């Protein structure tokens, strides 16, 4: 890979080129990131731009989060995050018809824009016309106090997003303010958690295309690897506890393998984002509408698992 490197205060600025053409990247979709193709691993404060277009690829800041808020988040969400699901075919390297082999610890909370099979079943059995396809996640409804305890860290990430990438934040927060279906007082509708999960090469789907990805990692025990990479550019980031990575999730990205150095090693990654369909379906709705909607979904979906 080729890049231009400069320093601005404590920040290292990189301008990198794509060394795999766009038309060739589709063949790498749902494949593992090749570590031999990642020539730059960033472990310090840095901004990375596409050298040809000038578009921001990522901003990385180390040790910027409050450790108490990070630990509070972890303690309250890890039980939910450790649940195995079949929801992530597109980032496990499996095709949609191979869902039985996608048993990973990847979960969501906040709000989501698709019914589960259990929702569809209960609406059909009760002969009820399904309301707008937006729902509270199970973690919110089953563990409301734990859910509230995630807010301090999420709000801190939101504040850093506004401070460090204001041009993207203003687009996303404008949409978030138009809907009550969101994480309180933030630009996010949804949080995804992943535990010890190596994503394949993919682009994120369903999130705000005018916004930017917000990623943190909380680690327990010891491990190496698991760097978040942009394989088309040959660059990766060694994201660790109390760091924040703002990244263009609409570019090809994935993780290198995690190598445990202790048997109990945990890498909890947390992705904060706004789901476009939630905004489209609920913009202009009131908090009163949201409460009625949530009650309706709960009434007919008492056996739901999500």
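A crude spin-label estimate for the pair residue 129 and residue 203, with each label 7 Å from Cα along the Cβ direction, gives 3.6 nm. A simple spin-label model places pseudo-atoms 7 Å from Cα toward Cβ; at residue 250 and residue 63 they are separated by 3.5 nm.
Among beta bridges from DSSP that stay inside the chain, the antiparallel ones total about 85%. If a/c stays under 1.5 just call it rounded; otherwise compare a/b with b/c (prolate if a/b is bigger, oblate if not). Do that for region 121-235, with a ≥ b ≥ c from the square roots of the Cα gyration tensor eigenvalues. In terms of gyration-tensor shape, prolate. Taking the C-alpha atoms only, the angle from helix 151-164 to the longest principal axis of the chain is near 50 degrees. Among (i) 32, 21, 20; (ii) 29, 22, 20; (iii) 51, 24, 14, only one was calculated for this model; which label is it, if the read-out is semi-axes √(5λ) of the Cα gyration tensor in Å? Of the listed options (i) 32, 21, 20; (ii) 29, 22, 20; (iii) 51, 24, 14, (i) comes from this structure.
Please find the FRET efficiency linking residue 148 to residue 299, where r is the Cβ-Cβ separation and R0 is fixed at 30 Å, and quote it to the nearest 0.05. Taking R0 as 30 Å, the efficiency between residue 148 and residue 299 is 0.80. Peptides 19-30, 265-276 ranked from most to least packed give 265-276, 19-30, packing being the mean of other C-beta atoms within 10 angstrom over each peptide's residues.
With the cut-off at under 14 Å, measuring from each backbone N in region 38-52 to a point 7 Å along the Cα-to-Cβ line of residue 17 picks out 50-52. With the simple model of a label 7 Å out from the Cα in the direction of the Cβ, residue 71 to residue 224 spans 2.9 nm.
Using the Cβ-Cβ distance between residue 170 and residue 260 with R0 = 35 Å, the FRET efficiency computed as 1/(1 + (r/R0)^6) comes to roughly 0.30. Dividing the mean sequence gap of close Cα pairs (under 8 Å, 6+ apart) by how many residues the chain holds gives a relative contact order of 25 percent. Protection proxy ranking for 5-18, 66-79, using the average of other Cβ atoms within 10 Å per residue and placing the highest first: 66-79, 5-18.
Separation of region 249-301 and region 1-68, taken as the distance between their Cα centroids, equals 25 angstrom.
Just so you know, all these numbers are worked out from the coordinates, no wet-lab data involved. It should be emphasised that the depicted structure is a prediction, and the values quoted were computed from it without experimental measurement. Ideal geometry is used to build each Cβ from the backbone, glycine not excepted, and the neighbour counts take in all protein chains shown.
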